[in-house]
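Below is one structure, written out as structure tokens, with a few remarks after it.
The values are calculated or read from the model by the stated rules, or taken from the named source; none is laboratory data. Everything numeric here is computed off the predicted structure, so don't read it as measured data. In this analysis, Cβ positions are derived from the backbone assuming ideal geometry, glycine residues included, and neighbour counts consider all displayed protein chains.
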Amino acid sequence: MSRWFPSSLGARLGFLSAVVLVAGVAVLQGYLEGRVGWDVRVGSVALGGLTRQQAVNRLQQGLAQSSLLSAQFQTPRGAHTMGLDQLGLSIDVAATVRAAENAGRTAPIGGLSLWVMPGAQVAPVVRVDTAKFQSGLEALSAAVAKPARDARLGLRGRRVVVTPSREGSDIDTVALERAVLASLARWQPYLGPVPMSVVAPHIDTATAQQRAAQARVYFERPLTLRYRSRSIVLSAEQMAAMLTVNAGNDAGEPPLTFDNITARGVLHKLFAFVEVPVRDATVRISGGAVTVVPSRSGIELDMPRLLGDMDAVVASNGLRVVYVALRVVQPALTTADVQEMGLSALGSQFSTFFDPSNIARATNIAQAAKIVDGTIVRPGEVFSLNAVLGPRTVNRGFDYAPVIAGDGVLRLGVGGGICQYATTLFNAVFFAGLPVVERHAHSLYIDHYPIGRDATVAWGGPDFKFKNDTGRPLMIRSWTSNGVLTVVVVGKTGRTVSFTTSSFYDVRAPRTSKDHPRVIYDSDLSAGIVRWEKGWAGRSVKVVRTVRQGGAILFTDTFVSVYQPADWIKRIGTR
């Protein structure tokens with residue numbers, strides 16, 4: 001029998017030690033399989049000996065307890081703190097734990113990796129959303145960036161002056177990203193300055209000074225504008241009042257220009273004796289009769305050519321005379337167009353009344369009528385009142401007036417009164433026999449509108465729409481006069497309309513009473529002023545319309561209006 005066991009005691013002890021060591025290593029390797037190696041850390045978070053899920057939980061807890069998830073940037077305006085998520089930066093916990101698992105291990109051998117070295121410091125894995133990083137820096141840029149200033153030309157009377165350029169500065173995004181990532185790799189929040197880079201102006205002082213010298217020739221001699229036998233001479237002072245520096249590119253050609261709104265206005269006044277305004281054909285409604293107002297061609301300055309010639313002449317050393325050219329302007333809608341469209345017959349007409357002493361509301365109604373007036377609805381086209389009116393803003397001519405707010409209370413809003421226009425238009429369309437595509441009743445019953453035939457609109461919300469299915473164009477005329485709003489659908493539809501209106505049903509009492517009113521503190525009323533608003537019962541009503549053509553029923557439609565109860569309201573002024 002062969003002998004493999006060592007004979008001497010020393011050899012035997014050595015052999016046993018080796019066996020124990022190998023067995024211990026094997027046990028240790030088995031234990032660490034699927035775990036993080038001994039003494040492995042991510043920053044200050046110890047993960048050694050933990051399973052993957054335990055390591056994920058420990059790292060998430062460590063992150064939550066640290067200040068690592070925010071960065072503090074020092075700016076001239078003080079410290080600016082931002083969360084990493086605002087910068088599009090995030091620590092990938094799962095990927096970081098995987099990196100910790102691989103720390104101190106060999107490459108996989110036979111599907112297994114062996115742990116060979118204790119202790120390792122692992123940097124967190126950081127993900128960067130580039131687009132979010134750039135957008136996140138916008139707020140920071142506002143605090144630290146200094147825009148470059150281009151050199152500019154200016155006019156002081158006849159003198160051309162130069163405002164010098166100035167370098168600017170902006171965030172060096174690459175350097176900042178690297179600095180933040182380097183700090184995170186050390187498991188430290190970024191606390192430091194914002195790396196900056198120099199931003200050069202597009203137009204420097206030397207370039208602007210060169211162009212200023214060229215611009216001074218503009219004022220050396222007068223400029224003559226000649227139309228036939230008539231001449232108008234512009235002095236240097238007059239030209240200085242009409243010229244502007246080329247916007248956006250002061251170093252461009254030419255340095256000064258007449259191509260601006262001021263010069264256009266002056267030229268129109270100087271040559272008003274020759275210009276004739278163009279006039280589109282339209283229709284006039286009087287006593288239920290339709291009269292076609294004929295179109296007229298216009299004559300106006302050929303402004304692009306005139307301004308270009310003036311710019312070229314004053315920038316040269318040649319003869320300073322510009323011959324003024326005119327052009328004929330054709331109407332967008334001719335008399336023949338109106339006659340061909342068949343817009344010489346009345347489709348329907350409807351009027352409602354308003355209080356002209358309520359200036360703001362009357363202004364809004366008149367502005368709506370003005371905007372829609374003359375609109376042509378082509379065959380097959382769906383008319384949208386919101387699309388035609390556009391946003392109700394002060395700079396578009398609308399004013400603050402009471403509107404029904406979402407809580408069922410009258411409050412001031414821009415465009416209050418537009419719904420009266422929508423209601424009047426709806427009724428004109430109703431009696432013209434045109435299909436209504438969209439219509440919404442008011443949330444509250446309004447007794448001075450036809451029962452069940454009101455319409456409400458709001459920008460970005462409810463709309464009023466109808467379709468022209470007649471096969472011929474229609475025109476909408478609308479105007480206000482002495483507290484009367486009139487809307488007319490022009491164009492023969494050949495339809496007759498009949499309708500029925502139900503009695504009110506589903507009548508519901510107000511939720512409040514005069515003894516127990518809803519109290520509203522109103523900042524639009526002066527302090528000490530108290531106003532009462534009577535409550536109304538909620539109710540519903542149904543209107544059924546029948547449209548006939550040639551004696552046959554073309555279609556029948558139903559309009560259901562559900563009005564909510566109106567609270568008794570006690571308004572107390574607080575202004």
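So is MET341 of a type in the set (A, V, I, L, M), more than 29 Å from PHE219 (Cβ to Cβ), surrounded by 15 or more Cβ atoms within 10 Å (Cβ to Cβ) and touching a residue at least 60 places away in the same chain (Cβ under 8 Å) or not?
yes
Of all the criteria given as (1) in contact with a strand residue (DSSP E or B) (Cβ under 8 Å, 6 or more places away or on another chain); (2) surrounded by fewer than 14 Cβ atoms within 10 Å (Cβ to Cβ); (3) part of a loop (DSSP other than H, G, I, E, B), the one not satisfied by PRO510 is (2).
Pairs, please: C-beta under 8 Å, at least 6 apart or cross-chain, first residue farther than 12 Å from PRO391 by Cα and in region 457-473, second part of a strand (DSSP E or B) and of a type in the set (Phe, Trp, Tyr)? Here the result reads LYS465/PHE383; PHE466/PHE383; LYS467/PHE383; ASN468/PHE383, each pair linking region 457-473 to a residue that is part of a strand (DSSP E or B) and of a type in the set (Phe, Trp, Tyr). Just one residue in the set TYR505, TYR563 is farther than 30 Å from VAL377 by Cα, at pLDDT 85 or above and either outside the structural domain of HIS448 (by TED's automatic domain parsing) or surrounded by 17 or more Cβ atoms within 10 Å (Cβ to Cβ) (or both); that residue is TYR563.
Restricted to region 227-238, and to residues there that are in contact (Cβ under 8 Å) with a residue 60 or more places away in the chain and farther than 15 Å from GLU275 by Cα, the residue that is surrounded by the fewest Cβ atoms within 10 Å (Cβ to Cβ) is GLU237. Restricting region 436-478 to residues that are under 32 Å from the mean Cα position of the chain (by Cα) and acidic (Asp, Glu) leaves a set whose member that is surrounded by the most Cβ atoms within 10 Å (Cβ to Cβ) is ASP454. For SER481, the criteria (1) touching a residue at least 40 places away in the same chain (Cβ under 8 Å); (2) hydroxyl-bearing (Ser, Thr, Tyr); (3) farther than 19 Å from ASP447 by Cα; (4) surrounded by fewer than 18 Cβ atoms within 10 Å (Cβ to Cβ) hold in every case but one, which is (1).
Each residue in region 256-298 was checked for being surrounded by 14 or more Cβ atoms within 10 Å (Cβ to Cβ) and either under 23 Å from LEU153 (Cβ atoms) or in the same structural domain as ILE476 (by TED's automatic domain parsing) (or both), and 9 pass. All of (1) assigned to a strand (DSSP E or B); (2) without any contact (Cβ under 8 Å) to a residue 60 or more places away in the chain hold for ALA312 with one exception: (1). Summed over region 163-204, residues that are among the aliphatic types (A, V, I, L, M) and in a strand (DSSP E or B) total 5. In region 167-190, the condition of being surrounded by 17 or more Cβ atoms within 10 Å (Cβ to Cβ), closer than 16 Å to ALA312 by Cα and among the acidic types (Asp, Glu) is met by no residue. Residues that are exposed (fewer than 14 other Cβ atoms within 10 Å of the Cβ) and closer than 27 Å to GLY287 by Cα within region 307-338 comprise just one, ALA336. Take the residues in region 292-305 that are touching a residue at least 24 places away in the same chain (Cβ under 8 Å) and more than 37 Å from the chain's Cα centre (by Cα); name whichever of them is nearest to GLN214 (Cα to Cα). Within region 292-305, the match that is nearest to GLN214 (Cα to Cα) is ILE299. Condition first: crowded, with 16+ Cβ neighbours inside 10 Å, touching a Phe, Trp or Tyr at 6+ places or on another chain (Cβ under 7 Å) and either touching a residue at least 24 places away in the same chain (Cβ under 8 Å) or closer than 19 Å to GLN86 by Cβ (or both). Can you find one or more residues in region 138-150 that meet it? Yes, because at least one residue in region 138-150 is crowded, with 16+ Cβ neighbours inside 10 Å, touching a Phe, Trp or Tyr at 6+ places or on another chain (Cβ under 7 Å) and either touching a residue at least 24 places away in the same chain (Cβ under 8 Å) or closer than 19 Å to GLN86 by Cβ (or both).
Given the condition crowded, with 18+ Cβ neighbours inside 10 Å, among the hydroxyl-bearing types (Ser, Thr, Tyr) and either in a helix (DSSP H, G or I) or assigned by TED's automatic domain parsing to the domain that holds LEU267 (or both), answer yes or no: does some residue in region 212-225 qualify? Within region 212-225, one or more residues are crowded, with 18+ Cβ neighbours inside 10 Å, among the hydroxyl-bearing types (Ser, Thr, Tyr) and either in a helix (DSSP H, G or I) or assigned by TED's automatic domain parsing to the domain that holds LEU267 (or both).
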